[in-house]
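Some notes on the structure that comes next.
The values are calculated or read from the model by the stated rules, or taken from the named source; none is laboratory data. All figures in this text were calculated on a predicted structure; none of them were measured in a lab. Here the Cβ positions follow ideal geometry from the backbone for every residue, glycine too, while neighbour counts run over all protein chains shown.
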Amino acid sequence: MLTASPITRQTVGKTFTIAISLLTTGAVMQLAIVGWAFATRVKESSLALAPSNSGLESPTLARLNTPPPVIVRMQDFTSDPLADPVPMTTTSQPVAPKPTPVPQKQQSEDPINLYEQEVVQGKALRERGEMNGAIVKFTEAIRMDPKNPIAICELAATYEKLHLQDKADEQWKRVYDMGDSAGLYFSIAEAKLKASQAVSVRDAVKQIPEAVPDNGAIEGIAAGATLGLLPITTENLADEAAGKKLTIHLPIKARPKTKVDVRDLVIHVLFYDIVDGQNVVQTSASVSSRWLTPPADWADSDTEELAVDYQLPKPVAGGGLKWDIQALLSVMISKWEDTFKRTLGKAERTLLHELNDVRNRWAHQEAFSSDDAYRALDSAGRLLAAVSAPQAAEVETMKMELLRLRFDEQARGEKRKSAGVAIEGSASSNLKPWREVVTP
């Protein structure tokens with residue numbers, strides 16, 4: 001009775017069969033190529049040993065001169081396909097060495113005659129800064145060949161380096177007179193002469209005196225003057241708060257077609273008061289000025305008007321003057337350069353402008369914090385101390401009072417906070433829990 005074998009026979013697949021066939025074919029082709037190459041070499045060596053009976057060139061020499069065949073190493077298909085490929089090598093014919101180029105003999109740059117020798121030496125001297133020696137060399141070359149423009153042009157260029165334009169123009173004129181026979185140098189000489197003529201014309205124009213404007217006397221302007229003052233008018237203004245208030249109008253006329261920059265114009269208007277009926281002193285009133293039609297440039301009209309405002313404070317019953325804060329600050333600002341700058345410095349000027357700004361804010365009823373008030377008092381005290389005013393002590397007292405008020409207000413605020421916390425704690429301790437009051 002036949003029984004099945006427990007060992008299963010493995011059948012050969014198609015892929016394995018194809019791979020074995022390709023490897024076998026590659027091995028056969030490789031053996032065929034190696035045998036063909038070996039037979040070819042044996043045949044060539046036998047022909048080289050055979051004697052030649054004819055007078056023609058031996059075929060052996062012809063074969064030896066031909067390049068050897070290229071042997072290509074085929075890839076080994078029997079090796080591991082996953083291994084690194086073996087590089088293919090070829091036998092190449094040795095390359096003959098390249099011929100070494102022979103350097104061409106350079107032509108000599110030495111002058112071929114005495115004329116060129118003088119020109120070359122002159123140029124060398126000029127490059128070294130020896131202008132006198134260069135002029136001698138170029139002059140000697142011109143004497144040798146007066147019709148050659150090269151030395152003449154070099155001599156003209158040397159004169160130009162020495163800023164002797166007249167002598168240079170003489171040499172360029174000689175080359176220009178040669179005409180077309182000078183070749184390229186004729187064009188150079190023509191351009192040089194035209195440029196020199198243009199410079200001469202420009203210098204001549206500069207030397208022409210400009211037309212002197214008519215500076216004769218005209219209405220309101222004296223002879224030789226640019227500006228003039230026309231008749232002054234005074235306008236009195238009514239102001240109960242001031243002892244005297246007026247505006248002076250100063251019409252200033254400029255000469256026609258004259259450019260005037262108002263920044264270069266300085267106008268001094270000084271006021272003097274009579275004190276005690278006999279002493280004349282410079283006024284202490286508030287004085288300011290303004291242009292009625294800014295900007296003042298005398299472009300649309302030959303007359304611009306300057307208005308000067310004068311305001312004197314009203315005297316008090318005791319014989320003195322009732323000074324307003326604005327008036328005091330205005331006087332100090334307007335008279336700073338003339339009077340107060342001699343004693344006070346930049347710090348006091350900064351305080352002055354700061355107090356003027358505080359006064360304007362107060363006049364417009366703006367609100368002030370305690371910090372702003374303290375800063376204003378401190379700035380006023382510093383300025384009063386700088387001028388040794390007795391009111392500085394009063395300002396210091398006001399500062400201390402302001403600080404005391406601030407501290408009292410802070411203390412009351414702290415007490416109110418602590419009292420609120422105590423009331424809240426006591427109220428919360430007497431209350432029952434909400435679960436005992438309301439049933440959930």
| query | So, in region 324-360, of the ones that are closer than 19 Å to VAL287 by Cα and among the polar types (S, T, N, Q), which residue ends up modelled with the highest pLDDT? | reply | ASN356
| Of all residues in region 324-340 being assigned to a helix (DSSP H, G or I) and in contact with a helix residue (DSSP H, G or I) (Cβ under 7 Å, 6 or more places away or on another chain), the one that is farthest from LEU355 (Cα to Cα) | PHE340
| task | Please specify each residue of region 296-322 satisfying the condition of being at pLDDT 85 or above, surrounded by fewer than 16 Cβ atoms within 10 Å (Cβ to Cβ) and either over 46 Å from the mean Cα position of the chain (by Cα) or part of a loop (DSSP other than H, G, I, E, B) (or both). | result | ASP297, ALA299, ASP300, SER301
| message | Just checking, does region 368-381 include any residue being surrounded by fewer than 11 Cβ atoms within 10 Å (Cβ to Cβ) and part of a helix (DSSP H, G or I)? | response | yes
| Has region 183-204 got any residue that is modelled with pLDDT of 90 or more, in contact with a Gly (Cβ under 8 Å, 6 or more places away or on another chain) and of a type in the set (A, V, I, L, M)? | no
| note | Of those in region 384-401 that are outside any helix (DSSP H, G or I) and touching a helix residue (DSSP H, G or I) at 6+ places or on another chain (Cβ under 9 Å), the residue nearest to LYS346 (Cα to Cα) is VAL387
| query | So which residues in region 175-209 are in contact (Cβ under 8 Å) with a residue 24 or more places away in the chain, part of a helix (DSSP H, G or I) and under 27 Å from LEU125 (Cα atoms), if there are any at all? | reply | VAL175, ALA182, TYR185, PHE186, ILE188, ALA189, LYS192, LEU193, SER196
| remark: Scanning region 124-173 residue by residue, those surrounded by fewer than 19 Cβ atoms within 10 Å (Cβ to Cβ), assigned to a helix (DSSP H, G or I) and of a type in the set (Lys, Arg) turn out to be ARG143, LYS161, LYS167, LYS173
| Identify, please: which residue in region 174-199 is touching a Phe, Trp or Tyr at 6+ places or on another chain (Cβ under 8 Å) and over 22 Å from TYR115 (Cα atoms) and is, among those, surrounded by the fewest Cβ atoms within 10 Å (Cβ to Cβ)? | GLU190
| note | Exception for ARG263 within (1) touching a Pro at 6+ places or on another chain (Cβ under 9 Å); (2) outside any loop (DSSP other than H, G, I, E, B); (3) not hydrophobic (A, V, I, L, M, F, W, C) falls at (1)
